[in-house]
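Report on one structure; see the data block that follows.
The values are calculated or read from the model by the stated rules, or taken from the named source; none is laboratory data. Quick caveat, the model's predicted, so the values are computed rather than measured. Cβ sites come from the backbone with ideal geometry, for glycine too, and all protein chains shown count toward neighbours. Heavy atoms of the whole protein, side chains included, go into the accessibility calculation; ligands, DNA and RNA do not. Shrake-Rupley method; radii C 1.70, N 1.55, O 1.52, S 1.80 Å.
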Amino acid sequence: MSTTRPYPPGDRGPEPSGASGAPGEDTPAGAPSVMGAAVSSVPPSGTDVGVAEAARGRQVRSLELRGESGVVPLARDFTRQALYAWGWLPAETADRRAAAEDVLLVVSELVTNACLHAEGPDELVLTCDNKVIRLEVTDGGSGQPAPRNPHRAGRPGGHGMFIVQRLCLDWGVLRTPGRPGKTVWAELGAPA
């Protein structure tokens, strides 16, 4: 697990494309809400996405979860819609279907952890390019998520971060100095 990275998300060298679909499929800022939650296009690190991001095929969607009820199914539905827009679904092969299901499972685990250990999630951000999908769940909690060690498969509970660790290329926690809370992020590879 790393908490910082020397390269931008998804910058892992040449890989087959097919994860992100055509540029410009993002939901425009100020779009109508989905099931009562605000949906908008949010550029990474708060800057304007601009032509360079679109040229690289990077697409970003965010979902405000603060104060919402039923956040786990809400986050899964939002993610499923993004996967359809980005060409991950409908899946043409079993491997592509498994990749999409892994993304939905990791979103469920990250949002559930924010509910159980951090008084609920504030926001879900999905970033997709041709190689990687990055999931970010921001919450106001001060805890540090970690896989339970040793992992005990036969016991209830404590499997969320173990699942995230096993399914993801990488994951970590970002904190902004001087601000409460954290962002737990995870990256999964695009289906071949």
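Of note:
- Residues in segment 99-148 that are without any contact (Cβ under 8 Å) to a residue 12 or more places away in the chain and among the aliphatic types (A, V, I, L, M): L116 alone.
- Total residues in segment 173-192, condition in contact with a helix residue (DSSP H, G or I) (Cβ under 6 Å, 6 or more places away or on another chain), modelled with pLDDT of 95 or more and not small (G, A, S): 2
- Test: residue in segment 63-76 that is at pLDDT 50 or above, more than 23 Å from L174 (Cα to Cα) and open to solvent by less than 40 Å² (accessible area, probe 1.4 Å): yes
- Here A91 fits the description: more than 19 Å from D139 (Cα to Cα), open to solvent by less than 30 Å² (accessible area, probe 1.4 Å), in a loop (DSSP other than H, G, I, E, B) and in contact with a helix residue (DSSP H, G or I) (Cβ under 8 Å, 6 or more places away or on another chain).
- Check on E109, in a strand (DSSP E or B), under 11 Å from the mean Cα position of the chain (by Cα) and charged (D, E, K, R): no
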